[in-house]
Amino acid sequence: MQVTDQPIFQRLSSHDIPSLVSGRNLASLTPEKDHFLLYRSARVRANETAEGLLERLGISDPAAATFLRRNPLAHKNLWGRNGRFITAEANADHELVRLTARWVTDSDSTDFQRLVVSRDEDGQFTAVLEKGQLKKNVRMASGKIQSSLFAATDAVNLPDPVAVQIAEMFSTDVDFHKDLRKGDRFTVVYETLEADGEPLRSGRVLSAEFVNKGKAYQALWFQEDESAKGAYYALDGSNLRRAFLASPLEFSRVSSSFGSRFHPIKKTWRNHNGIDYAARPGTPIRSVGDGVVQESKWSDSYGNVVYIDHGEGQVTVYAHMTRRDVQKGDKVSQGQFIGTVGSTGMSTGPHLHFEFRVHGEFKDPQIIAQGSAAAAPITKKIRERFDALAAEARLNFEHAPLMTQASVE
């Protein structure tokens with residue numbers, strides 16, 4: 001369910017509606033207005049006031065606005081909490097009956113907080129803060145590419161974190177910045193974590209298929225047991241994890257690809273030996289592979305820069321960082337955060353400049369990642385259980401064309 005700023009409302013009646021053929025007066029069929037409740041939902045906006053939120057919820061109630069401003073629980077947990085999901089019940093006079101806010105305290109939590117503001121029969125308000133357990137649910141979505149991955153996932157109300165997971169798991173086979181074509185399609189089965197039936201955050205992608213230029217790429221999350229480390233596998237059991245990630249950042253907009261470009265500061269054509277990733281300052285940067293920090297220093301041209309030695313003459317370079325979180329000699333693992341995006345050195349704006357060098361020669365990082373060794377495949381010991389899950393995933397992918405396909409023109 002996609003929640004927007006547009007209010008959603010429904011009027012409910014507590015009265016049974018008799019048949020119109022009973023001969024009763026039509027006036028007797030109209031329930032008293034006190035029994036009507038108006039339900040609406042919205043998300044809290046940054047710097048929003050109590051009056052502003054209530055107005056968006058279709059509520060005109062000065063007493064409720066005063067309570068929401070002054071009550072300590074409401075003040076602490078509503079105002080300045082951009083994005084928190086709100087549901088409200090109002091009577092026929094558009095007075096607040098109950099307001100409920102739900103949120104998770106952090107991205108890994110399995111609990112949620114619930115603030116309930118209610119009005120009693122005497123018109124007095126109370127606020128209660130409660131704790132609940134998120135309920136895990138599984139959803140399926142399917143979409144078609146017309147312009148970009150995010151445009152297509154928006155069209156089917158797919159959360160951004162799920163779109164990012166799709167791009168990440170297939171990144172060694174598909175360059176989502178350059179390789180997408182109109183008509184490409186995807187199917188994804190993913191977890192949602194819900195509070196009182198409302199999705200508060202998305203969980204892990206359980207299986208996915210992406211069809212690019214007519215070729216299907218499929219993935220299945222598999223974990224041998226709760227204590228084991230899970231991974232994504234192709235449906236034939238091969239591991240999708242490679243020795244190198246395709247990108248040091250999660251899926252983002254690329255401002256410059258590998259090759260020649262006009263240097264924005266020196267005003268000359270220069271061979272751009274790497275990839276520039278435009279990103280917000282402070283965006284985490286990860287090591288694309290296991291290795292040892294060769295250098296972590298300041299450079300006049302690269303600003304804050306980190307060099308990581310991956311062995312066999314392979315070195316990666318991460319430049320223009322705001323902050324370096326590793327030191328020379330540190331061991332790092334694939335995916336470990338080593339610093340944050342910045343605009344230090346010879347840089348015209350916040351971005352990460354990334355290079356992959358092999359014996360001193362610059363290589364295209366995407367090609368290196370695609371050709372790097374894969375991790376261990378599914379073992380014979382757990383093959384039967386994996387194959388059963390893979391068969392279920394295939395059925396989902398086969399049925400996907402029957403689902404409503406959404407696209408962005």
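The values are calculated or read from the model by the stated rules, or taken from the named source; none is laboratory data. Note that the coordinates shown come from a computational prediction; the quantities given were computed from them, not determined experimentally. So basically every Cβ, Gly included, is an ideal-geometry build from the backbone, and we count neighbours across all protein chains shown.
Observations
- Residue match in the stretch 125-134 (condition: within 24 Å of PHE170 (Cα to Cα), touching a Ser or Thr at 6+ places or on another chain (Cβ under 9 Å) and either surrounded by 15 or more Cβ atoms within 10 Å (Cβ to Cβ) or among the aromatic types (Phe, Trp, Tyr) (or both)): no
- One residue stands out in the stretch 42-92 among those that are of a type in the set (D, E, K, R) and in contact with a Pro (Cβ under 9 Å, 6 or more places away or on another chain): the one that is surrounded by the fewest Cβ atoms within 10 Å (Cβ to Cβ), namely GLU51.
- Only one entry of VAL288, VAL305 meets the criterion of being at pLDDT 95 or above and under 16 Å from LYS363 (Cβ atoms), and that entry is VAL288.
- Some residue of the stretch 337-360 being loosely packed, with under 15 Cβ neighbours inside 10 Å, within 23 Å of the chain's Cα centre (by Cα) and either touching a residue at least 40 places away in the same chain (Cβ under 8 Å) or not assigned by TED's automatic domain parsing to the domain that holds ASP300 (or both): yes
- Check on THR187, β-branched (Val, Ile, Thr), in a loop (DSSP other than H, G, I, E, B) and either under 17 Å from the mean Cα position of the chain (by Cα) or over 22 Å from ASP387 (Cα atoms) (or both): no
- Every listed requirement among (1) at pLDDT 95 or above; (2) touching a Phe, Trp or Tyr at 6+ places or on another chain (Cβ under 8 Å); (3) buried (at least 19 other Cβ atoms within 10 Å of the Cβ) is met by VAL188 save one, (2).
A quick yes/no check of all residues on (1) within 12 Å of SER148 (Cβ to Cβ); (2) of a type in the set (A, V, I, L, M, F, W, C); (3) assigned to a helix (DSSP H, G or I):
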| site | (1), (2), (3) |
| --- | --- |
| LEU158 | no, yes, no |
| VAL164 | no, yes, yes |
| HIS177 | yes, no, no |
| LYS182 | yes, no, no |
| GLU191 | no, no, no |
| GLU194 | no, no, no |
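- The number of residues in the stretch 38-60 that are outside any helix (DSSP H, G or I) and either in the same structural domain as LEU200 (by TED's automatic domain parsing) or not aliphatic (A, V, I, L, M) (or both) comes to 10.
- If you check ALA63, ALA74, ALA88, ALA101 for being of a type in the set (Gly, Ala, Ser), in a helix (DSSP H, G or I) and touching a helix residue (DSSP H, G or I) at 6+ places or on another chain (Cβ under 9 Å), only one passes: ALA74.
- Strands (runs of 3 or more DSSP E) wholly inside the stretch 209-267 that include at least 1 residues being among the hydroxyl-bearing types (Ser, Thr, Tyr) and modelled with pLDDT of 90 or more: 215-222, 231-233
- Criterion (in a loop (DSSP other than H, G, I, E, B) and either surrounded by 15 or more Cβ atoms within 10 Å (Cβ to Cβ) or touching a residue at least 60 places away in the same chain (Cβ under 8 Å) (or both)) met by exactly one of SER118, SER142, SER109, SER147: SER147
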